[in-house]
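The values are calculated or read from the model by the stated rules, or taken from the named source; none is laboratory data. Predicted model, so just to flag it, every value in this text is computed and none were measured. Every residue, glycine among them, receives a Cβ derived from its backbone with ideal geometry; neighbour counts consider all protein chains shown.
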Amino acid sequence: MKLYYGPGTCSLAAHIIGHELDLDLDLEKVDLKSKLTTSGADYTAINPKGYVPALEIDRGILLTEGPAVLQYLAAQRPERHLLPAEGTIERYRALEWLGFINSELHKTFTPLWHAESPTAAKDAARATLARRFRYLDHHLATHRYLLGAAFTLPDAYCFTVVNWSNYLQLDLTPYPNLKRYMSEIETRPAVEAAMAVEGLKQAAQ
């Protein structure tokens with residue numbers, strides 16, 4: 001399998017899961033501005049959506065969208081329990097968290113990445129993120145990880161997205177439980193390995 005990724009983007013979650021599961025992923029970095037891969041290929045010819053992650057499962061079979069890619073990877077090693085068993089409430093809790101991270105965290109960051117975004121849009125994004133961080137902080141006051149005692153798929157995605165605060169000067173100090181969570185996850189060998197490959201600094205302290 002080949003994972004197309006952009007350093008520090010949401011594809012980091014899939015990269016982390018690849019390491020967690022000891023999957024032999026062939027990595028291909030994508031320059032998201034030029035839309036060229038490190039091998040010089042036109043990424044839009046590979047994935048017309050133009051963004052990452054994209055997982056080439058086999059010749060002619062490409063899977064896109066982060067939550068789908070994460071679930072496919074977890075299914076390759078079901079015995080590792082990174083996604084709870086089908087039909088259990090824990091499985092639906094995992095999907096609930098993936099939906100929350102995708103729609104309420106991930107997309108809310110968008111205006112902050114673009115210099116041309118209006119100030120009002122950036123202010124609104126920061127205010128919304130503060131509410132979402134408070135929600136996470138409250139939940140993590142009584143949970144080690146999002147689903148409880150064990151690290152699962154949503155944690156890789158949540159870590160990846162919340163870590164963007166490190167690049168956008170968003171202070172996590174008001175959220176001590178979220179800070180604890182981020183600090184703990186960043187020390188996982190799989191996270192350290194993926195971040196090292198992508199040349200990333202660690203989570204905000």
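One residue alone among Arg144, Arg126 is basic (Lys, Arg), more than 22 Å from Leu83 (Cα to Cα) and surrounded by fewer than 18 Cβ atoms within 10 Å (Cβ to Cβ), and that residue is Arg126. Scanning segment 77-105 for residues that are exposed (fewer than 14 other Cβ atoms within 10 Å of the Cβ) and within 20 Å of His15 (Cα to Cα) yields a count of 5.
Please verify whether segment 34-50 includes one or more residues that are crowded, with 18+ Cβ neighbours inside 10 Å, touching a helix residue (DSSP H, G or I) at 6+ places or on another chain (Cβ under 9 Å), modelled with pLDDT of 95 or more and assigned to a helix (DSSP H, G or I). No: segment 34-50 contains no residue that is crowded, with 18+ Cβ neighbours inside 10 Å, touching a helix residue (DSSP H, G or I) at 6+ places or on another chain (Cβ under 9 Å), modelled with pLDDT of 95 or more and assigned to a helix (DSSP H, G or I). Looking at Asn163, Asn177, which is the one that is surrounded by 21 or more Cβ atoms within 10 Å (Cβ to Cβ) and either not assigned by TED's automatic domain parsing to the domain that holds Thr9 or not charged (D, E, K, R) (or both)? Residue meeting the stated conditions: Asn163. Of all residues in segment 65-99, which are in contact (Cβ under 8 Å) with a residue 24 or more places away in the chain and not aliphatic (A, V, I, L, M)? Within segment 65-99, Gly66, Pro67, Gln71, Gln76, Arg77, Arg80, His81, Pro84, Glu90, Arg93, Trp97, Gly99 qualify. Restricting segment 51-64 to residues that are touching a residue at least 12 places away in the same chain (Cβ under 8 Å) and outside any strand (DSSP E or B) leaves a set whose member that is nearest to Met1 (Cα to Cα) is Pro53.
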